[in-house]
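Each remark here refers to the structure printed beneath this line.
The values are calculated or read from the model by the stated rules, or taken from the named source; none is laboratory data. Quick caveat, the model's predicted, so the values are computed rather than measured. Neighbour counts run over all protein chains shown; Cβ positions are idealised from the backbone, glycine included. All accessible areas refer to the heavy atoms of the entire protein, side chains included, with ligands and DNA or RNA removed. Shrake-Rupley method; radii C 1.70, N 1.55, O 1.52, S 1.80 Å.
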Amino acid sequence: MTTVTAQIPADWPATEERARAVQDGLRARVVLDEPGPPPGTGTVTGVDVAYDDARDVVAAAAVTLDAATLAVVAEATAVGRISFPYVPGLLAFREIPTVLAALDALPCLPGLVVCDGYGRAHPRRFGLASHLGVLTGLPTIGVAKNPFTFAYEDPDAPRGSTSPLLDGAEEVGRALRTRAAVKPVFVSVGHRVGLDNACAHTLALAPAFRLPETTRRADALCRAALRAAAYPA
C-alpha cells in the first residue's frame with residue numbers, strides 16, 4: 001500500500017467568502033444527465049477522511065474494489081495538514097487536498113468513487129461527492145450515515161426500499177434501506193451518475209452490512225493512517 005504526504009495548494013481558499021465563491025463556480029460544472037457505470041462492473045473506490053484537530057492532521061484513504069466480487073484491488077493513503085477551518089457546508093475544503101492525494105497514489109483507475117458524505121444533498125447542492133467529481137472528472141456518489149438537514153419518511157422495512165430525501169419539494173437524494181429493518185443510509189448524486197444508479201450501486205456494495213464495503217474499508221484504513229501519522233503533537 002502507498003502512503004503519500006498531501007500538500008495544500010497555494011491558491012486554496014482561506015476564507016468562507018472565497019470558499020463559497022469557489023463552490024458557486026464549480027457547481028455549474030456538475031453533470032447530472034449521465035447514468036454512470038452499471039453496478040457490478042469495473043472498479044469502484046471508496047474514500048474517507050479522519051482528523052486529529054489537536055495535532056492539525058488529516059488522513060485520507062482510497063480503497064479500490066472489484067465491483068463484481070468486492071475484493072480489494074488497491075489501497076492508498078495520504079496524510080497532511082488540515083486545509084480549512086470547520087464550517088458547516090464547507091467541509092469539502094477540509095478534505096479535498098488529502099483525498100485527491102490518496103486517489104492520485106492509487107496504481108489503478110478508481111472507476112466510480114463513493115464518498116462517505118453528500119453530493120447534491122447539500123444546502124448549496126455541492127457536497128464533497130460533487131466537488132470531488134468536478135475536480136477529477138470521475139463519476140461520484142455520496143452515501144451518508146444521516147440525512148443532514150433534509151426531510152424523509154422512513155422507507156419500508158425490506159432491503160432495497162427507498163423514500164425521497166427532500167428539501168421542501170425538491171428531491172436531493174434518497175433514504176435507502178440496505179439491510180431489512182435497519183436504519184437507512186442516505187444516497188445522493190455527486191457527478192456523472194443518476195440517482196437510480198447511485199442507489200443500485202450502494203445496494204450492490206452493501207451485501208451484508210448497513211454501510212457499503214467501500215466506506216467500511218476506507219474508514220478503517222484512514223483511521224489507521226491517522227494513528228500512524230508522524231506529525232508531532
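How many of the residues making up the stretch 1-15 are under 22 Å from residue 75 (Cα atoms) and part of a loop (DSSP other than H, G, I, E, B)?
Residues flagged as under 22 Å from residue 75 (Cα atoms) and part of a loop (DSSP other than H, G, I, E, B) within the stretch 1-15 amount to 4.
Checking the structure you have, find out if any residue of the stretch 200-215 is at positive phi and touching a residue at least 24 places away in the same chain (Cβ under 8 Å).
No: zero hits.
I'd like the full set of residues that are open to solvent by 20 Å² or more (accessible area, probe 1.4 Å) and over 29 Å from residue 22 (Cα atoms), limited to the stretch 68-99.
Within the stretch 68-99, 68, 69, 70, 71, 72, 73, 75 meet the criteria.
Would you please name the residue that is most open to solvent (accessible area, probe 1.4 Å), looking only at residues in the stretch 100-154 that are part of a helix (DSSP H, G or I) and either at pLDDT below 95 or not hydrophobic (A, V, I, L, M, F, W, C) (or both)?
For the stretch 100-154, the residue satisfying everything is 104.
Spot the failing condition for residue 65; the list is (1) open to solvent by less than 20 Å² (accessible area, probe 1.4 Å); (2) under 17 Å from residue 225 (Cβ atoms), and only one is missed.
(2)
If you take the residues in the stretch 142-172 that are aromatic (Phe, Trp, Tyr) and within 25 Å of residue 132 (Cα to Cα), which one is farthest from the chain's Cα centre (by Cα)?
The qualifying residue farthest from the chain's Cα centre (by Cα) is 150.
Quick check on my filter: what residues within the stretch 9-30 are surrounded by fewer than 16 Cβ atoms within 10 Å (Cβ to Cβ), touching a residue at least 12 places away in the same chain (Cβ under 8 Å) and farther than 20 Å from residue 88 by Cβ?
9, 29
Just checking, does the stretch 173-186 include any residue being part of a strand (DSSP E or B), out of contact with any His (no Cβ under 8 Å at 6 or more places or on another chain) and surrounded by fewer than 18 Cβ atoms within 10 Å (Cβ to Cβ)?
no
Would you say residue 56 is over 11 Å from residue 190 (Cβ atoms), modelled with pLDDT under 95, open to solvent by 40 Å² or more (accessible area, probe 1.4 Å) and acidic (Asp, Glu)?
Here the answer is yes, as residue 56 does meet what is asked.
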